[in-house]
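Since the structure comes first, as structure tokens, the remarks are kept for the end.
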Amino acid sequence: MKHITLLLTILFATQIAFAQEEVSIEQNINQCIKKLVINPGWDVHLIHQEADSGYRVAIITNEDYAPFAFNVQLCNVKDQALTILENTQLPQGTVIEIEGPMTFGEIILSSKATAVANYVATSRKEESAYLFLGNNANLHIQQFRIPDKDSSPNIDVSDCAKLTIDTISGEGDALVEVYEGTDFQYGINTLQGKITLIEYERAFNRRYRQKDKREIKTKKVDGEWVTTNHRIIWDKNLQVDVVFGELYGNTPKDPNSPLLQNSTWSSKLGLNIYFNFSKHFGLSTGIMWNFNSKSLCHQVKYEDNELVVIDGQEDFQRNRLSNHYIGIPITFYYYLGKSQTESVSLDFYCAHLLGERLHTTTDPTKLFKWIGKGEKVDNVFNPWKLEVGLSFNTQHLGFIHGIRVFTNLLPEYKPDYTTEKIRSFGIEIKL
């Protein structure tokens with residue numbers, strides 16, 4: 001009975017093996033390939049053959065699907081680019097073998113594409129070598145070689161994609177950019193160049209922002225490979241700052257002073273470089289232009305190099321006094337939480353006066369003409385200002401990015417116009 005059972009088991013296994021016998025539908029490509037594009041639906045096996053100058057592309061399936069496989073448009077070749085087309089006719093995950101010299105300028109895996117390679121090398125070309133994985137793509141390379149600096153690749157791994165490299169070697173560099181949800185792993189690293197690893201995360205006001213940046217280097221010490229992995233401190237971003245606010249406390253106590261005012265509006269336009277050097281600390285600096293406009297209480301005119309009150313001498317008159325400064329802001333940030341969407345900051349703004357003007361209108365129906373118009377005045381305002389400010393910054397209020405309170409540590413006006421050392425303080429909205 002035991003012998004009969006064993007015989008039936010062997011016969012059954014033989015039938016299963018026969019039913020699942022592999023069939024190879026091949027296509028030969030006899031030309032140089034610089035770019036490989038893989039679309040989803042296949043389990044692609046890249047098999048390196050050093051001596052072979054061409055490529056063999058084959059569908060590996062069983063007899064049941066062989067008739068369908070013969071009718072599949074598997075790939076096309078154009079301008080030295082081999083494209084594996086999306087699988088829409090055979091079972092998902094059907095194996096494709098690509099056999100040939102696995103040295104490319106570009107390898108691109110579309111979203112959800114899957115491939116495994118025993119060996120891949122980057123080739124020297126006019127532009128940098130490139131390896132791209134789309135969303136949810138999966139690539140496993142057993143040996144990845146970057147021969148020299150001229151073949152250093154840019155590696156871009158999109159959302160939820162997985163890139164696994166067992167061994168990376170050679171003399172070149174690698175720039176690796178990974179996004180939120182990415183799984184990037186490597187094992188043995190004998191690369192004589194460096195790996196620059198940049199991590200991105202989703203942000204509120206833009207799709208991605210840089211989260212971390214590292215430089216990974218290896219060298220041989222006493223016959224053993226030693227790896228150093230350190231964070232690059234200066235992570236810089238160039239941004240434009242727009243700020244509007246109102247100043248207080250910068251009006252004289254003398255009710256007859258020509259500088260007596262109703263309000264002062266301030267605006268700033270800056271171009272700054274931001275440096276994030278840890279998860280909690282950052283710094284910015286650049287250049288900033290500041291325009292201020294004061295609505296005066298009295299009717300005034302400018303004569304003999306000074307402002308003179310002329311109340312009642314005109315039927316109607318309104319006056320505004322404006323100035324504009326150019327200077328350098330320096331801001332220190334402390335980020336609240338790991339997401340870096342909120343922060344508090346301390347800033348210093350040192351600026352020099354560019355010009356000052358008196359704007360006058362006698363027509364109540366017309367608005368004032370601003371910068372570049374009006375009568376030029378001299379020596380009214382202090383030629384220097386030094387502001388110190390404290391801000392709360394956020395990315396959760398739409399176009400409003402923060403609020404700032406500040407004060408000018410220097411007197412607002414020159415001593416010739418008032419003996420009072422008037423210092424302003426204010427509040428501003430950051431856009």
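Here, each number is a calculation from the coordinates, and none is a lab measurement. What you see is a predicted model; the values in this text were computed from it and never measured. Here the Cβ positions follow ideal geometry from the backbone for every residue, glycine too, while neighbour counts run over all protein chains shown.
Using all alpha carbons of the range 22-233, what is the percent of pairwise distances in each 5 Å bin, ordered from the shortest bin to the longest?
Computed distribution, short to long bins: 1, 7, 14, 18, 18, 15, 11, 7, 5, 2, 1, 0.
Can you compute the modelled spin-label distance between ILE310 and GLU50, with each label point 7 Å from Cα toward Cβ, in nm?
The modelled label-to-label distance comes out at 9.4 nm.
Jot down the per residue volume, in cubic angstrom and as a whole number, of the convex hull over the alpha-carbon atoms of the range 223-333.
145
At q = 0.08 Å⁻¹, what log₁₀ I(q)/I(0) does a Debye calculation on the Cα points of the range 236-430 give, no solvent, two decimals?
Here log10 of I(q) over I(0) equals -0.31.
For labels at GLN92 and VAL242 in the simple 7 Å Cα→Cβ model, what's the distance in nm?
Rounded to a tenth, the inter-label distance reads 4.6 nm.
Express the C-alpha Rg of the range 259-309 as a ratio against the empirical globular expectation 2.2 N^0.38 Å, rounded to two decimals.
Taking the Cα Rg and dividing by 2.2 N^0.38 Å, one obtains 1.96.
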